[in-house]
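Colleague: Quick one: the structure is below, and I'll ask about it shortly.
Each reported figure results from applying straightforward, stated rules to the coordinates on display, with no laboratory input. Computed from a predicted structure; not experimentally measured. Here the Cβ is made from the backbone with ideal geometry for all residues, glycine too, and neighbour counts use every protein chain on show.
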Amino acid sequence: MTAKRALRPREGILDIAPYVPGRSALEGGGPAIKLSSNETPFGPSPKAVEAYLAAGANLSRYPDGSARPLREAIAKLYGLDPARIVCGAGSDELLNLLAAAYLGPGDEAIYSRHGFLVYRIAILAMGATPVVAQEVALTADVDAILGCVTPATRMVFLANPNNPTGTYLGFDEVKRLRAGLPETVLLVLDAAYAEYVRANDYESGIELVATTHNTVMTRTFSKIYGLASLRIGWAYCPEAIADALNRIRGPFNVSGPAIAAGVAALQDRASVARSAEHNEIWLGRMAEALSALGLMVTPSAANFLLVHFPAANGRSAVEADKFLHSRRIILRRVEEYGFPDALRLTIGTEDDNRAVIEALEAFTGGSGVAQ
Ligand SMILES: Cc1ncc(COP(=O)(O)O)c(C=O)c1O
């Protein structure tokens, strides 16, 4: 009898640390205030839900394979060429497709020290080598990224704003990055939180994609549009890159209900504007309230805040997390991002936000004593 040989995935796959999503429930179940995944507290536009339910009447039919109605709606809203938009099952799928199309063993891809962890997984999954660029003040640093470039560099992933820090690079810096990278390096601008950014010097990436042949921007319906569970993302690409992605993506990678809901969500501009306005108000209020408790808060351009706790016994992030759970509030632990002493807090409804402030007031013992 021949000896059985173990079936093993490709080299390196089992060395990949799986992505750990934010906690979504507490022990014993029951309702909780979930501020752990940067979702909108308002849910999707009712028009999107209506379109989703109506699409339920056609589940036996394959959807449009290229998500054409959704690409056309996106193109109309932003004034883009629909042929250069590729939709995916969340922007995660597009990030992975970009890595699959442009990375292989021997190649290097750069991301910043506290960058979104899906990049590392996507790079390693292709057998390529992740290269980590240091940050300055928890913000991506153009010079550090450029300093990591070698002849083997093929891609740079930049979340702008970044998750979990919330920090961003202004357009001048992004342009400086692009100009400093070799022509053969693909720059991926992940603008998952673009709709929340209020800074005048911010540009999501549309302009750079329009004017270069080696830059891609990815966007999502999971955040301000409140459709995280439907899994819809899109990439705006140079023609040749859209062509490459279209060759390797699943032929029906976005479902019919997702396409329908995405189109309706995009059209409800009032709902997007309301969410952005609420976020702007509460991002500021939360940062102020938590700072007043003596907690350090990283300035954020997105819909979440990175809140730093002292390492001291009884005051740490781990203990704060436990305390918050006792009040049925769930934030995001961020150890795997290199922040053992921080928690990430998504901006919630007014009631959610007030509950967090009250709980952290109780945890820190009141104003100014946390550190
Ligand atoms: C920076 C960043 N990019 C991409 C994503 C992925 O979003 P999705 O796959 O839901 O579109 C997230 C989600 O948390 C994110 O924070």
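Colleague: Report the number of Lys pairs in the chain whose alpha-carbons are under 27 Å apart, with separation of 8 or more residues or on distinct chains.
Modeller: The result is 9.
Colleague: Let me ask something additional. For the chain, what is the relative contact order in percent, using Cα pairs closer than 8 Å and at least 6 residues apart in sequence?
Modeller: Computed over the chain, the figure is 23 percent.
Colleague: Antiparallel DSSP bridges in the chain: what percent, to the nearest 5?
Modeller: 50 percent
Colleague: Please give the charge dipole size of the chain, origin at the Cα centre, charges +1 on K and R Cβ atoms and -1 on D and E Cβ atoms. Round to the nearest 20 debye.
Modeller: Here the size comes out at about 1040 debye.
Colleague: So how do 316, 255, 91, 222 line up by other beta-carbon neighbours within 10 Å, fewest first?
Modeller: 316, 255, 222, 91
Colleague: Net charge around residue 179, counting only other residues with Cβ within less than 12 Å of its Cβ (Lys, Arg = +1; Asp, Glu = -1)?
Modeller: 0
Colleague: Can you check what the Kirkwood hydrodynamic radius comes to for region 254-306, Cα pairs only, in Å to one decimal?
Modeller: When all Cα pairs of region 254-306 are included, the Kirkwood radius is 13.2 Å.
Colleague: If you don't mind, another one. Arrange the peptides 10-19, 281-290, 239-248 so that the one whose residues have, on average, the most other Cβ atoms within 10 Å appears first.
Modeller: Sorting 10-19, 281-290, 239-248 by mean packing, highest first, produces 281-290, 239-248, 10-19.
Colleague: A follow-up question, please. About its Cα centre, what dipole magnitude does region 59-143 give when the only charges are +1 on Lys and Arg Cβ and -1 on Asp and Glu Cβ, stated in debye to the nearest 20?
Modeller: Dipole about the Cα centre, nearest 20: 400 debye.
Colleague: What order, most packed first, do the peptides 355-364, 269-278 have when packing is the mean number of other Cβ atoms within 10 Å of each residue?
Modeller: Final packing ranking: 355-364, 269-278.
Colleague: Given charges of +1 on the Cβ of Lys and Arg and -1 on the Cβ of Asp and Glu, with all other atoms neutral, how large is the dipole of region 1-93 about its Cα centre, in debye to the nearest 20?
Modeller: 320 debye
Colleague: What is the set of long-range amide H partners of residue 156 at a cut-off below 5 Å, with H atoms built 1.01 Å from backbone N?
Modeller: Counting only residues 5 or more places away or on other chains, the set is 110, 186, 187, 188.
Colleague: What fraction, in whole percent, of alpha-carbon pairs in region 171-263 exceed 17 Å separation?
Modeller: 56 percent
Colleague: Hey, fewest Cβ within 10 Å first, where do 237, 148 land in order?
Modeller: Least crowded to most crowded, the residues run 148, 237.
Colleague: Continuing with the same structure: Pop out the Kirkwood hydrodynamic radius of the chain from its pairwise C-alpha distances, inverse of mean 1/r, in Å to one decimal.
Modeller: This gives a value of 21.6 Å.
Colleague: Find the centroid of the Cα atoms in region 1-67 and in region 181-255, then give the distance between the two in whole Å.
Modeller: Taking the Cα centre of region 181-255 as reference, the centre of region 1-67 is 20 Å away.
Colleague: Report the gain in length on full extension from residue 212 to residue 179: 0.36 nm times residue separation, minus Cα-Cα distance, nm rounded to one decimal.
Modeller: 10.9 nm
Colleague: If you rank 26, 295, 181 by fewest surrounding Cβ atoms within 10 Å, what's the result?
Modeller: Going from least to most buried by this count: 26, 181, 295.
Colleague: Same structure again: Starting from the 7 Å offset along Cα-to-Cβ, what nm value, one decimal, do you get for the label separation of residue 8 and residue 296?
Modeller: Reported label-point gap for residue 8 and residue 296 is 4.3 nm.
Colleague: From zero up to wherever the largest Cα-Cα distance of region 1-88 sits, split into 5 Å bins and tell me the percent of pairs in each.
Modeller: Histogram of Cα-Cα distances, whole percents per bin: 2, 9, 9, 10, 12, 13, 14, 13, 8, 4, 3, 2, 1, 0.
Colleague: So, one more: Ordered by packing density, taken as the mean number of other Cβ atoms within 10 Å over each peptide's residues, highest first, how do 154-165, 92-103, 55-66 rank?
Modeller: In descending order of packing, they fall as 154-165, 92-103, 55-66.
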